[in-house]
Amino acid sequence: MSNYRNFKLVVYYVAHGVKNLNKEKLQQQIDFFKRYMRLDKVYIEPMRDILVTEEELRLCKEIFEENGIEAQGGITTCLPDPEGQDKKQRLFNVLCYNDEKMMATLQKACEMNARVFDGFILDDFYFSNCTCEKCRSERDKYNAEHGITDGSWQAYRTHLLYEASKKYVIDPAKAVNPDCKITIKYPNWMESYQETGYDPASQRDIFDLIYTGTETRDPVNTDQHLPRYLSYSLMSYMEDMAPGRNGGGWFDCFDCRILDYYLEQGYLTAFAKPREIMLFCFQALNDSIFVPPLGFMLDKLDDLLDNLGTPIGVPCYIPNASQGEDNVQDFLGMNGFPVLSTPDFKADAPVMLLTASSAYDKDIISKLENYIASGNKAIVTSGFVKATLGKGIERITSLRYRDRKMTARDFAAEGEIAVAASRWTRQTAEKAVTVPVMELRNNATWGAVCKAINEEEACTLLALDTYGKGKMYTLVVPEAFSDIKYYPEAVLNRMRKEFAVNGIRYSGKNTISIFLYDNDTFVIYPYVDNNTYDSDVTIHIKDANSIVEIGTGKEILPLYEEKGEAVFSLWATVGRWKAYKINRK
């Protein structure tokens with residue numbers, strides 16, 4: 001049973017709190033949380049730079065359980081250099097998985113967790129960046145044995161962590177407690193996983209559960225600069241990676257200089273329909289400004305989720321262990337494109353998005369060719385085209401890239417009627433945007449769907465190729481992906497038209513997301529930022545009679561109908577979501 005209908009609310013308790021436990025003080029802290037939210041579970045760790053005793057761990061567990069809060073274990077794989085050893089250069093003190101003393105401590109912590117709990121989770125420091133002499137030597141040996149000649153770390157580290165997981169984590173814990181469920185939590189930096197040893201495609205086979213990092217924090221003043229839509233899209237990616245075994249979404253309060261940045265992490269995590277919502281961490285959140293407003297909003301999110309089905313959207317194919325155009329799909333998602341990231345090529349989807357990451361699939365061109373020719377629509381980014389030139393994309397499009405760029409403030413988007421000189425809507429952008437120039441052979445590829453204009457020269461922003469029974473659109477993304485929001489509204493709206501799902505598409509200002517569900521519901525959310533304002537937005541829905549605002553029951557009739565689409569005008573308030581149910585004809 002959960003204290004919320006649609007998710008469990010859980011919190012993480014770090015090892016230093018266990019080590020310095022004061023029962024009376026901990027009870028006061030638990031009481032603070034109880035005033036504002038209803039905790040279902042706590043993950044308590046015995047290890048994070050220190051190793052606590054089993055007695056200390058059991059006492060902490062006992063206090064939480066006395067308060068009706070389920071307890072499981074946790075581990076953060078960080079340790080100082082063992083006494084008497086030379087210092088290893090390691091970011092964040094993450095483990096050297098070739099250090100026998102560190103591995104012995106890790107195994108001891110896992111065995112302790114298995115004795116005390118029926119499950120534990122590995123915090124997202126479960127990776128390697130150690131470059132000590134032993135690690136370098138073992139890397140070189142592994143690479144030589146496997147024909148890897150570039151000296152890279154990826155293959156070796158993924159192998160190292162896979163073997164260490166079985167030897168020091170899973171097997172010892174299961175030997176102590178065969179029923180112990182072990183979860184690996186993946187961080188928010190998906191494109192970097194394999195370089196440091198994470199490999200969801202292989203690790204999902206040995207761990208009982210996975211978990212998703214949904215922390216995006218301040219999008220500017222942090223080292224990661226992650227678009228906030230990632231808090232939603234990475235959840236869908238991990239759900240496809242291990243269907244039914246993605247335990248939940250985990251976010252924190254760090255580097256959130258604007259309170260809404262913290263709350264938005266919670267909203268978008270919830271929009272993805274998680275099994276658990278994890279708050280990191282108990283110590284940082286205690287007596288903080290973050291808990292009361294989040295607690296207030298959790299009840300509203302619970303009410304909202306009562307009405308929402310399973311998330312749907314345009315699948316964006318990001319193969320495991322791929323890189324390229326990092327997070328471009330999330331910048332699109334933040335601007336009204338309903339994108340769902342997935343590690344799978346969704347051949348049964350009527351429309352799909354491919355980025356430069358998709359090109360890591362060695363069979364991508366044959367898959368794409370068959371997909372389009374059979375009558376589907378693919379939307380590919382300019383980065384995908386560049387990555388596949390010379391690899392067969394020429395069979396589908398005449399687009400070429402010759403290392404040219406254009407900076408423009410004037411743009412044009414094609415209207416509904418593709419005849420006469422007035423068919424384009426011309427708009428000037430708020431700021432100049434630099435885009436790659438994708439050259440094309442006129443009338444082999446139609447490049448004027450959307451275009452950037454610099455005086456007498458223009459280059460395509462949305463190009464159309466027909467192939468067999470289907471179509472391929474190439475969406476040109478700016479050199480700086482965040483500049484997508486500076487494409488004028490007419491250009492964004494024309495692009496969004498190709499991203500319609502279940503006959504639903506969004507038109508309107510930038511920095512607003514639309515989240516779609518398979519029960520004909522959708523959510524509109526405008527992000528909080530320095531330059532975001534309340535605004536009217538337009539929703540186009542095929543075969544709709546009306547929509548009903550979830551929560552108020554207010555019925556909204558369309559402004560008009562055109563070509564089978566009902567057109568609705570809605571008011572979007574920054575930092576506040578609104579959800580709607582569609583009444584179809």
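The values are calculated or read from the model by the stated rules, or taken from the named source; none is laboratory data. Being a predicted model, the structure only gives us computed values, none of them experimental. Positions of Cβ are backbone-derived with ideal geometry, glycine not excepted, and every protein chain shown enters the neighbour counts. Side chains included, ligands, DNA and RNA excluded: accessible areas come from the protein's heavy atoms. Shrake-Rupley method; radii C 1.70, N 1.55, O 1.52, S 1.80 Å.
Here's the yes/no breakdown for (1) under 21 Å from PHE280 (Cα atoms); (2) at pLDDT 95 or above; (3) of a type outside the set (Phe, Trp, Tyr); (4) open to solvent by less than 10 Å² (accessible area, probe 1.4 Å):
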site	(1), (2), (3), (4)
ASP31	yes, yes, yes, no
ARG38	yes, yes, yes, no
LYS87	no, no, yes, no
LYS101	no, yes, yes, no
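Select from region 254-273 the residues that are open to solvent by less than 10 Å² (accessible area, probe 1.4 Å) and either of a type in the set (Val, Ile, Thr) or in contact with a Lys or Arg (Cβ under 9 Å, 6 or more places away or on another chain) (or both) and list them in ascending order.
Passing the criteria: TYR261, TYR262, GLU264, GLN265, LEU268, THR269.
Quick check on my filter: what residues within region 547-572 are acidic (Asp, Glu) and either farther than 13 Å from PHE522 by Cα or exposed (fewer than 11 other Cβ atoms within 10 Å of the Cβ) (or both)?
GLU555, GLU561, GLU562, GLU565
Yes or no: region 202-212 includes at least one residue that is aromatic (Phe, Trp, Tyr), in contact with a strand residue (DSSP E or B) (Cβ under 8 Å, 6 or more places away or on another chain) and surrounded by fewer than 24 Cβ atoms within 10 Å (Cβ to Cβ).
Looking through region 202-212, at least one residue is aromatic (Phe, Trp, Tyr), in contact with a strand residue (DSSP E or B) (Cβ under 8 Å, 6 or more places away or on another chain) and surrounded by fewer than 24 Cβ atoms within 10 Å (Cβ to Cβ).
Would you confirm whether or not region 60-67 contains a residue that is without any contact (Cβ under 8 Å) to a residue 12 or more places away in the chain, in contact with a strand residue (DSSP E or B) (Cβ under 7 Å, 6 or more places away or on another chain) and in a helix (DSSP H, G or I)?
yes
For region 500-533, give me each residue that is modelled with pLDDT of 95 or more and surrounded by fewer than 16 Cβ atoms within 10 Å (Cβ to Cβ).
ASP518, ASN519
Residues in region 304-313: is at least one surrounded by fewer than 20 Cβ atoms within 10 Å (Cβ to Cβ) and touching a Leu at 6+ places or on another chain (Cβ under 9 Å)?
Yes, that holds for at least one residue.
Conditions first: (1) open to solvent by 30 Å² or more (accessible area, probe 1.4 Å); (2) more than 20 Å from PHE499 (Cα to Cα). LEU399 passes all but one, so which condition is the exception?
Among (1) open to solvent by 30 Å² or more (accessible area, probe 1.4 Å); (2) more than 20 Å from PHE499 (Cα to Cα), the lone unmet condition for LEU399 is (1).
Would you mention how many residues in region 479-504 are outside any helix (DSSP H, G or I) and of a type outside the set (A, V, I, L, M, F, W, C)?
6
Here are ASP118, ASP124: which of them is in contact with a Gly (Cβ under 8 Å, 6 or more places away or on another chain) and closer than 24 Å to GLY249 by Cβ?
ASP124
Just need a number here: residues in region 5-51 that are in a helix (DSSP H, G or I) and of a type outside the set (A, V, I, L, M).
Final tally of qualifying residues: 15.
With the condition kept exactly as written, say whether any residue in region 109-129 is aromatic (Phe, Trp, Tyr) and not in a loop (DSSP other than H, G, I, E, B).
yes
One residue is enough: does region 383-395 have a residue meeting the conditions touching a residue at least 24 places away in the same chain (Cβ under 8 Å), assigned to a strand (DSSP E or B) and open to solvent by less than 10 Å² (accessible area, probe 1.4 Å)?
no
Within region 362-382, how many residues turn out to be assigned to a helix (DSSP H, G or I) and open to solvent by 50 Å² or more (accessible area, probe 1.4 Å)?
So the count comes out to 3.
Scan region 175-218 residue by residue and report those that are part of a strand (DSSP E or B) and over 12 Å from ALA242 (Cβ atoms).
Within region 175-218, LYS181, ILE182, LYS185, GLY213 qualify.
Filtering region 113-155 down to residues that are surrounded by fewer than 16 Cβ atoms within 10 Å (Cβ to Cβ) and acidic (Asp, Glu), which residue is nearest to TYR12 (Cα to Cα)?
ASP118
Within region 76-86, can one find any residue that is over 21 Å from CYS135 (Cα atoms), assigned to a loop (DSSP other than H, G, I, E, B) and in contact with an Asp or Glu (Cβ under 9 Å, 6 or more places away or on another chain)?
no
Name the single residue, out of those in region 130-155 being among the hydrophobic types (A, V, I, L, M, F, W, C), in contact with a helix residue (DSSP H, G or I) (Cβ under 9 Å, 6 or more places away or on another chain) and in a helix (DSSP H, G or I), that is nearest to GLN203 (Cα to Cα).
By that ranking, first place goes to ALA155.
In region 376-417, what residues are among the charged types (D, E, K, R) and more than 26 Å from PRO315 (Cα to Cα)?
ARG402, ASP403, ARG404, LYS405, ARG409, ASP410
Taking region 349-361 only, how many residues are assigned to a loop (DSSP other than H, G, I, E, B) and surrounded by 24 or more Cβ atoms within 10 Å (Cβ to Cβ)?
1
Only one of ASP287, ASP302, ASP363 is in contact with a Lys or Arg (Cβ under 6 Å, 6 or more places away or on another chain), at pLDDT 95 or above and farther than 23 Å from TYR186 by Cα; which?
Within the list ASP287, ASP302, ASP363, the selection yields ASP302.
Restricting attention to region 319-331, does a residue exist that is open to solvent by 10 Å² or more (accessible area, probe 1.4 Å) and aromatic (Phe, Trp, Tyr)?
Yes; the residues of region 319-331 include at least one that is open to solvent by 10 Å² or more (accessible area, probe 1.4 Å) and aromatic (Phe, Trp, Tyr).
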